[in-house]
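Beneath this line is the structure, given in structure tokens, with notes to follow.
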Amino acid sequence: MRFLLLVAMLCLPLGAVAQDMSMLKQPGVVALMRHALAAGTGDPANFEIGDCSTQRNLDARGRDQARRAGEAMRAAGVSFDHIWTSQWCRARETAELLEIGEVAEQPSLNSFFQGRGDRAAQTARTQEMIDALPQGARVLLVGHFVNISALTGVGPGSGEIIVARRDGRGGLEVVGRIETAP
């Protein structure tokens, strides 16, 4: 059944997937959003977590992408019980520009690209936090390619939302993808 759903999703035109925010309204949904467009890759050598001037940040297209994604969520009546974000400026700004609720920083969602963190420990901590939520709670995580791929096995594009649910075995099952246009 999961295979057929995946095949059906891959055969849909991109616009059809992009417009279906309704899957985010399901009880217990875990939505994992990669930060919106930020030119480049990684961060400068002088990176400091509390100083956005030392980081790769959203560009104008990325800020617009995040705002439009939030508008689409609000128009669809999507809300979340929790919105968690990385402490990296580009992820936090994406979460805030969505304007869909209070944003809480979670260090386990920080990037571990280029050896900046601990993949195993951060992934385990994030999964523990998800597992501790009440069964029907909906949560949005705004993070980075590496975090989302470690949790789901899926590599998201900038601003893409991977829609998952808890699999009952301490992991996540991907049930959909939502592209957000740059």
Highest mean packing first, using Cβ neighbours within 10 angstrom, the peptides 36-48, 79-91 sort as 79-91, 36-48
Multiply the residue gap between Glu173 and Ala75 by 0.36 nm, knock off their C-alpha separation, and tell me the result in nm, one decimal place. 32.7 nm
If you average the sequence gap of Cα pairs under 8 Å that are 6 or more apart and divide by the length of the range 61-182, what percent do you get for the contact order? 25 percent
By the gyration tensor of its Cα atoms, with a ≥ b ≥ c the square roots of the eigenvalues, what is the shape of the range 136-182: rounded for a/c under 1.5, prolate for a/b over b/c, or oblate? prolate
Computing the accessible area with a 1.4 Å probe over protein heavy atoms, can you report the carbon and sulfur percentage for the chain? 53 percent
Ordering 21-29, 93-101, 113-121 by per-residue average of other C-beta atoms within 10 angstrom, highest first, gives 93-101, 21-29, 113-121
Inter-label distance, nm, simple model (7 Å from Cα along the C-beta direction), Arg119/Arg67: 3.7 nm
Counting only protein heavy atoms and rolling a 1.4 Å probe, one gets per residue an accessible area for the chain in Å² of 48 Å²
With runs of 4+ DSSP H residues as the only contributors, calculate the mean residue ellipticity of the chain at 222 nm using -39,500 (n - 2.57) per run, divided by the residue total and rounded to the nearest 500. -10000 deg cm²/dmol
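The values are calculated or read from the model by the stated rules, or taken from the named source; none is laboratory data. Nothing here was measured: the structure is a model prediction, and the numbers come from that model. Every residue, glycine among them, receives a Cβ derived from its backbone with ideal geometry; neighbour counts consider all protein chains shown. The protein model used for the area step is the full one, side chains on, heavy atoms only, and it has no ligands, DNA or RNA in it. Shrake-Rupley method; radii C 1.70, N 1.55, O 1.52, S 1.80 Å.
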